[in-house]
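Engineer: Input: one structure, supplied below.
The values are calculated or read from the model by the stated rules, or taken from the named source; none is laboratory data. Everything quoted here is computed from the prediction, not taken from an experiment. Here Cβ is always computed from backbone atoms with ideal geometry, including for glycine, and neighbour counts include all displayed protein chains.
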Amino acid sequence: MADSDEQTLIERCRQGDDTAFTELIDRYKDLVYGMIWRLAPDRTQVDDLAQDVFLKVHRGLPYFRGEARLSTWIYRIVANVCAQARGRPVREVPLERGPEKPPIDPPSIDGSFAAIELRDRLEKAIARLPEQYRFLIAAHHLRGVQYEALAEALDVPLGTVKTHLHRAKRRLRELLSET
């Protein structure tokens, strides 16, 4: 999104335009859900945490100074909401609801099974990383967020982001070699 389009959208939201806020949610929901999915301590909380994020975005827009891109500001909110969620009790899911995901039929092609198995191993290894590393891996490698935007969102030097990403990748390799 061009900076002028982003600024126009922000101004429309600040003026109380509900359509503009719906547009903002549509533009950033994949980013928010993707990051929360990787960072949430409990996958059943993803919808609740996303709602918290967008509520904080809505409440915070009047105070958004525009010194950073809107997506960078939203990354920071996601990181904070997920960090706060780590201290919350886990919500119990009633047995009547059934599984969150439909069961996967056994694949007929060995290659597709190997890909599913690899993705599962990767997701489990990422889940075992410390929260800060999970955030960096999810943002940079899975979402394509640049180092500079991460440094700005986390309010740390660029070198720190690069160092932590290097350590996160090294730890992820270790975890994958264990399984």
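Here is a yes/no grid of residues against (1) surrounded by 15 or more Cβ atoms within 10 Å (Cβ to Cβ); (2) within 19 Å of Val145 (Cβ to Cβ):
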| site | (1), (2) |
| --- | --- |
| Thr19 | no, no |
| Asp30 | no, yes |
| Met35 | yes, yes |
| Ala40 | yes, yes |
| Val53 | yes, yes |
| Arg59 | no, no |
| Pro62 | no, no |
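Engineer: Further, regarding this structure: Could you tell me whether any residue of the stretch 145-152 is under 20 Å from Tyr28 (Cβ atoms) and part of a loop (DSSP other than H, G, I, E, B)?
Structural biologist: Yes - at least one qualifying residue is present in the stretch 145-152.
Engineer: Taking Phe135 and the conditions (1) touching a Lys or Arg at 6+ places or on another chain (Cβ under 9 Å); (2) loosely packed, with under 15 Cβ neighbours inside 10 Å; (3) hydrophobic (A, V, I, L, M, F, W, C), which numbered condition does it fall short on, given that it satisfies the others?
Structural biologist: Evaluating Phe135 over (1) touching a Lys or Arg at 6+ places or on another chain (Cβ under 9 Å); (2) loosely packed, with under 15 Cβ neighbours inside 10 Å; (3) hydrophobic (A, V, I, L, M, F, W, C) leaves (2) as the failure.
Engineer: Also, quick follow-up: If Asp48 satisfies every condition in (1) assigned to a helix (DSSP H, G or I); (2) closer than 23 Å to Gln7 by Cα; (3) not hydrophobic (A, V, I, L, M, F, W, C) but one, which is the exception?
Structural biologist: Asp48 satisfies every listed condition except (2).
Engineer: Let me ask something additional. Considering the stretch 22-45 alone, what residues qualify as being among the small types (Gly, Ala, Ser) and not in a helix (DSSP H, G or I)? Give the derivation first.
Structural biologist: Looking only at the stretch 22-45, we keep the residues that are among the small types (Gly, Ala, Ser), and these are 34, 40.
Of everything in the stretch 22-45, just one residue is among the small types (Gly, Ala, Ser) and not in a helix (DSSP H, G or I), namely Ala40.
Engineer: Taking Ala168 and the conditions (1) of a type in the set (Gly, Ala, Ser); (2) modelled with pLDDT under 85; (3) surrounded by 12 or more Cβ atoms within 10 Å (Cβ to Cβ), which numbered condition does it fall short on, given that it satisfies the others?
Structural biologist: (2)
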